[in-house]
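Structure first, then comments.
The values are calculated or read from the model by the stated rules, or taken from the named source; none is laboratory data. All figures in this text were calculated on a predicted structure; none of them were measured in a lab. Virtual Cβ from ideal backbone geometry, glycine too; neighbours counted across all protein chains shown. For the accessible areas, the whole protein counts, side chains as well, though only heavy atoms, and no ligand, DNA or RNA atoms are used. Shrake-Rupley method; radii C 1.70, N 1.55, O 1.52, S 1.80 Å.
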Amino acid sequence: MSSYVTRKTPGDTEWFRHDRFGMFIHWGLYAMPARHEWIKTNERIPEEKYEKYFKYFDPDLYDPKDWARQAKAAGMKYVVLTTKHHEGFCMFDSQYTDYKCTNTAAGRDLVREYVDAFRAEGLKIGFYYSLIDWHHPEFPIDMLHPRRDDPDAKEQSEGRDMKKYAEYMRNQVTELLTNYGKIDILWFDFSYSDNKPEEGKEWMKGKGKDDWEAEKLIETARSLQPGIIIDNRTELEQDLWTPEQYQPKDWVRHKETGELVTWEACQTLSGSWGYHRDEMTWKSPEMLIQMLVNTVSIGGNLLMNVGPTSRGYLDYRAEDALKTYADWMKYNSRSIYGCTMAEPELLKLCPNGCKFTQSEDGSRLYIHLFEYPFQFLELEGLAGKVDYAQFLHDGSELLYEENKISHFSEGRSKKDNMLVIKLPVRKPNTIVPVIELFLK
Ligand code: GLC
C-alpha cells in the first residue's frame with residue numbers, strides 16, 4: 001500500500017484522489033465577447049454595453065450530452081462548471097436574481113441539463129461559484145471591479161451592504177446544493193484580502209473570508225451536502241488545495257504542519273478559461289499528456305478546462321485536445337487512475353526523461369517515457385525487484401536483463417544493481433509510451 005498519508009479534511013476525498021482527472025468548464029456571458037472571462041473588468045465595459053451580451057445570449061447549439069460524451073472519452077471522471085462567474089450572471093434558475101440564463105433566449109436552466117448529462121455518463125458533479133460579483137448591487141466596488149475607474153466610483157459604492165451580498169451567496173449556494181441532487185465538489189473562487197489598494201483608495205480594499213462570511217457559507221454547504229469537497233479559496237482551509245496554471249515540482253504540503261494535502265492543478269488548454277477566439281497559446285498534445293502524468297506523479301489531480309462558445313458547443317481546438325486525451329487514456333489510463341507518487345525508495349531511481357507513477361496497492365510501477373531512449377532503458381537499483389515488464393498501450397512484453405554487462409558498457413558494474421529494458425528502436429505510436437512493471 002502507498003505510504004503517503006494525506007491530511008484529514010471534512011470532505012470525502014478518497015474517490016477524488018483515485019479518479020485523478022477532471023474537466024473544468026468556464027461558460028457564461030463572457031463567451032459572447034470571446035476575449036477572456038475577465039473581459040468586463042479588463043475593458044471596464046459599462047453596464048449598458050455588457051447588457052447586450054445578456055440580450056443576445058442564445059446557446060442554440062448547447063448539447064451537454066455531447067460535452068459529457070467527450071469528457072468521458074477523454075478519461076475525465078468528474079466535472080466542475082461555472083454556475084456563476086465574476087460577471088454575476090447565473091447559469092441556473094435562481095430565485096434571487098433576474099440576471100440568469102432562464103431570462104435569456106436560452107429560456108431554461110442550463111445547469112440542470114449539465115448535471116443530468118454528465119451524471120448520466122457517470123461523472124461526478126462539481127459547481128464552481130464565484131465569490132466575486134461585478135453585477136450585484138450590494139457588491140462594493142474594489143480594485144478588481146469594472147467600475148473602479150469611474151469618476152464617481154466611490155459614490156456608486158457607498159451604501160452597498162456586503163452582509164446582504166453574503167446572504168445572497170448563502171441563498172444561492174443553498175439553491176445549488178438543494179435542487180440538483182448529490183453534488184460532489186463546490187469550487188469557490190477567490191479571495192484577495194491581501195491585495196492592497198493604491199494610496200488614497202483604501203475604500204477599494206480586497207475581500208476575504210470575513211467579507212464572504214465564509215464560515216456561515218461553508219456551514220450552509222456542509223449542512224446540505226456533508227461529504228462535499230470544498231476548495232480553500234474562501235480563505236478558510238477545507239479539503240482542496242488548488243495551484244492554478246502552475247505545475248508544482250513536488251506533492252503540495254500544508255504550510256504549517258508540512259502534511260501532504262489533497263491537491264488539484266487547474267489548467268487551461270489555451271491562455272484563457274473562458275472562450276477566447278483569438279488567443280493562440282494552445283498547448284501541444286505532448287504538453288497535455290505530460291501535464292496529466294506530471295501531476296499524478298507527485299500525488300495530484302488535474303482539472304483541465306474547456307471554454308465553450310456562446311452558441312453552446314466546444315470549438316474544434318478544445319475537441320482536438322480532448323481527443324488527444326481520449327487516444328492516450330484509452331490505452332494508458334491504468335497508470336493514472338488509482339495511482340500516485342512512487343514510493344520514496346523507487347522514486348529516487350527514476351531516470352532522466354521519465355516520470356513514475358505507482359498503483360496505490362504498490363504492485364505496479366509505471367514508467368512514462370517523456371524522452372524516448374535509444375534501444376535501452378537503464379534502471380539502476382531495480383534488479384531483482386521486477387517480475388514482468390510490458391508496454392501498457394498494447395500489453396506487449398518488454399525483455400530485460402539484470403546485472404549483466406553488455407554492449408561494451410564496461411563502465412557499469414554489478415554494484416549498480418542494474419535492470420536494463422530493451423526497447424524497440426522506433427518509438428511506439430503513442431505520445432507518451434508507458435512501461436508497466438509488475439513488482440515482486
Ligand atoms: C482565476 C481566474 C478566474 C478563473 C479561476 C479558475 O481565479 O481569475 O477567472 O475562473 O482562476 O481557477
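Details
- Long-range neighbours under 9 Å by Cβ, at least six apart or interchain, first residue among the acidic types (Asp, Glu) within the range 221-246, second outside any loop (DSSP other than H, G, I, E, B) and open to solvent by 20 Å² or more (accessible area, probe 1.4 Å): ASP231/TRP241; GLU235/LYS209; GLU235/ASP210
- Note on the range 50-68: residues that are surrounded by fewer than 21 Cβ atoms within 10 Å (Cβ to Cβ) and within 16 Å of HIS136 (Cα to Cα) amount to 2.
- Residues of the range 112-127 that turn out to be part of a helix (DSSP H, G or I) and under 19 Å from the mean Cα position of the chain (by Cα), as a count: 4
- Residue match in the range 161-178 (condition: without any contact (Cβ under 8 Å) to a residue 24 or more places away in the chain and open to solvent by less than 60 Å² (accessible area, probe 1.4 Å)): yes
- The lone exception for ILE298 - which of (1) closer than 23 Å to HIS368 by Cα; (2) of a type in the set (A, V, I, L, M, F, W, C); (3) open to solvent by 10 Å² or more (accessible area, probe 1.4 Å); (4) touching a residue at least 60 places away in the same chain (Cβ under 8 Å) it fails: (4)
- Selected residue (only one of ARG233, ARG277 is open to solvent by 30 Å² or more (accessible area, probe 1.4 Å) and within 20 Å of the chain's Cα centre (by Cα)): ARG233
- Some residue of the range 185-201 being away from the ligand (no atom under 16 Å from the Cβ), surrounded by 16 or more Cβ atoms within 10 Å (Cβ to Cβ) and of a type in the set (A, V, I, L, M, F, W, C): no
- Of the criteria (1) within 16 Å of the ligand (Cβ to nearest atom); (2) part of a loop (DSSP other than H, G, I, E, B); (3) touching a strand residue (DSSP E or B) at 6+ places or on another chain (Cβ under 7 Å), which one LEU303 fails: (2)
- Among all positions in the range 336-352, there is no residue which is within 16 Å of the ligand (Cβ to nearest atom) and either without any contact (Cβ under 8 Å) to a residue 12 or more places away in the chain or not polar (S, T, N, Q) (or both).
- Restricting the search to helices (runs of 4 or more DSSP H) fully inside the range 7-106 and requiring at least 3 residues that are away from the ligand (no atom under 16 Å from the Cβ) gives 14-19, 47-56, 64-73.
- Selection of first residues in the range 123-140 that are farther than 29 Å from GLY11 by Cα and of second residues that are within 13 Å of the ligand (Cβ to nearest atom) and not in a loop (DSSP other than H, G, I, E, B), restricted to Cβ pairs under 9 Å at least 6 apart or on distinct chains, gives the following pairs, ordered by first then second residue: TRP134/LYS40; TRP134/THR41; HIS135/LYS40.
- Any hit, the range 249-261, residues being open to solvent by less than 20 Å² (accessible area, probe 1.4 Å), away from the ligand (no atom under 12 Å from the Cβ) and of a type in the set (Phe, Trp, Tyr): yes
- Entirely in the range 345-409, the strands (runs of 3 or more DSSP E) that have 2 or more residues that are surrounded by 14 or more Cβ atoms within 10 Å (Cβ to Cβ) and more than 34 Å from the chain's Cα centre (by Cα): 376-380, 400-402
- HIS136 satisfies every condition listed in (1) within 15 Å of the ligand (Cβ to nearest atom); (2) touching a Gly at 6+ places or on another chain (Cβ under 7 Å) except (1).
- Out of GLU397, GLU402, one residue alone is farther than 25 Å from ASN301 by Cα, modelled with pLDDT under 95 and acidic (Asp, Glu). It is GLU402.
- Hey, ARG222 within 16 Å of the ligand (Cβ to nearest atom) and among the basic types (Lys, Arg) or not: no
- Complete set of residues in the range 92-130 that are closer than 26 Å to LYS209 by Cβ and in contact with a Gly (Cβ under 9 Å, 6 or more places away or on another chain): THR97, TYR99, ILE125, GLY126, SER130
- Of all residues in the range 225-244, exactly one satisfies the criterion of being touching a helix residue (DSSP H, G or I) at 6+ places or on another chain (Cβ under 7 Å), more than 15 Å from the ligand (Cβ to nearest atom) and over 19 Å from ILE125 (Cα atoms), namely LEU236.
- Some residue of the range 287-298 being within 16 Å of the ligand (Cβ to nearest atom), within 24 Å of TYR337 (Cβ to Cβ), in a loop (DSSP other than H, G, I, E, B) and not polar (S, T, N, Q): no
- Complete set of residues in the range 139-152 that are surrounded by fewer than 18 Cβ atoms within 10 Å (Cβ to Cβ) and not charged (D, E, K, R): MET143, LEU144, PRO151
- Flag if GLU155 is more than 19 Å from TYR50 (Cβ to Cβ), free of Cβ contacts under 8 Å to residues at least 12 places away in the same chain and not in a strand (DSSP E or B): yes
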